[in-house]
Amino acid sequence: MTKPLLRLVSLLLAGTLVACTGADSETTDAGQPIDATDGSVPETSEASTSTTEDRPTTTKRRGTSTKPSTSATASTASSTADSTTSSTLGSTASTTDSSAAGSSAGEGSTTSSTTVSSSVATITPSTVGSGLGAVTTVAGGTTTDGGIYQGILGKLSRDEQVVSAAGPQPTAASGVMPLTGQSGNVPNRPAAVVKIDNGGPARPQTGLNAADIVIEEEVEGGITRFAAIFHSQSTIVGPVRSARTTDIGIINGFGSPLLMYSGANEVTDNLIRSQPTVQNRNAGTSSGYWRSSNRRAPSNLYTDTAPHWSSSSSGPPKPQFHYRSGDEAVAGGQEGVEDTDFSVHYRANTAGWTWVGSHYVRTQGGSAHMTAAAGQVASTNVVVIEAKEVATGMVDSSGATVPEFVFVGSGKATAFVGGRRYEGTWTRPRLADAAVLTTADGSLIKLNPGRTWIELIEAGSGALK
């Protein structure tokens, strides 16, 4: 067994569960929720064109990000940060969760500190508009091998190799969009990763059909959230929700991306902020977010990628896939198997995909998954990634384990391209790398240029039907 593989195996065997409960913090810099009644969700186009009619006006602050204000109501209300009660090893304490309400680091910066308070924070999550309790911080210790966090991704450096490469990393030629493989004028800006709610009160979402890549990930209780990655198009997007440690395995592969999210518990947020190349835009310490009066919190937080990009640094993201050109085969000599309808069964959500001749359309719970303004959710390609699921050492308010999906190393991959199914393997040697898709004979699996959805599922779960 190689040293990188031994390293990954040792991390997989190291975790033990520590009970933690709490709530996400979704606040402004001052610890207050952002509110707007300006028709925050545009009804004309998801990839809007930055007109004053469909966007709130913005003012730049601290040279890092921008904060929308409206003449209708630029007011802020009392904090919606949740409060709780929990215990660890028989010790209890009560406090207010301020995990996202104030960081000394400015937007776009990171910190290597992962120490949390020694007291136990317990919180009773607000379930208004969500139906489920959120996740939060809790017991004392540090997020090292002996502390609260018992996952894997937060213990890896982004350049640490865990498996050998199975093929060359994808590249993009001049004039080709790195995240879609389509020709065009490539914007000189980083990827923007936005965490999006997928609970019932969050639908229909805004912005999904403007994303270049969307990754569906399971969180506690079997519900799912989306990590939508934008680069080629600017858009208003939401509802924005909180981060999970699974996101460490997503964001590091895009170079120096922006990460936009509503907040996180202290343990998770410290791990997210410690990622050295990520430009952090936690809504609790960044401006540029507002709440829509058309929905109930917490499923009503929105943002606009444009002002975040205007205050960002770094250039285009790393390409994520190999794309076919012209009549080039998808997978070497393999023709694939015709498969025009398939579904992915998460514990509390079923996503269906149907090939309609030029792209796939998505259903959810048996009904068409619609966006707020751009029709049914659609994608050129769909890739199902099977990854190891581990416990993070945290649980939600109902006692459900907060999972982490280890999207580094290798595992089974199933690519749906052009109405056909291709079986293979994904291989991602380091967090800093893209996952390369190959068939059993080592041939590269090449996608059609366009949007790609990734369904991230537990390895061996049989969730793909």
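Taking a sphere under 13 Å around the Cβ of residue 438 and counting the other residues whose Cβ falls inside, with K and R at +1 and D and E at -1, yields a net charge of +1.
Relative to the 2.2 N^0.38 Å rule of thumb, the stretch 368-465 has a C-alpha radius of gyration ratio of 1.24.
Could you sort the peptides 222-231, 165-174 by per-residue average Cβ neighbour count (10 Å cutoff), highest mean leading?
Working: 222-231: 23.2, 165-174: 13.5.
Result, highest mean Cβ count within 10 Å first: 222-231, 165-174.
Relative contact order of the stretch 190-249, please, whole-number percent, based on alpha carbon pairs below 8 angstrom and at least 6 residues apart. Spell out each step's value before the answer.
On the way: 104 pairs, mean separation 26.4, N = 60.
This gives 44 percent for the stretch 190-249.
With the simple spin-label model, which puts each label point 7 Å out from Cα in the Cβ direction, the residue 343 to residue 358 separation comes to 2.8 nm. Only Cα pairs under 8 Å and 6+ residues apart enter the sum, and on that basis the relative contact order of the stretch 163-220 stands at 21 percent.
Derived scalar couplings between HN and Hα for the stretch 279-291 equal 8, 7, 10, 4, 4, x, 10, 9, 8, x, 10, 8, 9 Hz in order, rounded to whole Hz, by the Karplus curve 6.51 cos²θ - 1.76 cosθ + 1.60 (θ = phi - 60°), x for Gly and Pro. Annotation: amide H-H contacts under 5 Å for residue 376 (H modelled 1.01 Å from N, sequence separation of 5 or more, or interchain): 371.
List the GluC sites (Glu not before Pro) within the stretch 259-366 that DSSP assigns to loop and that have no more than 14 neighbouring Cβ atoms inside 10 Å.
Loop-located and lightly packed - 328, 335.
Contact order for the stretch 221-301, expressed relative to its length and based on alpha carbon pairs under 8 Å spaced 6+ residues apart, stands at 31 percent.
FYI, it's all coordinate maths here, none of it is from the lab. Only a predicted model underlies this, so the values are computations on that prediction, with no experimental measurement involved. Positions of Cβ are generated from backbone atoms using ideal geometry, with glycine treated the same way; all protein chains shown enter the neighbour counts.
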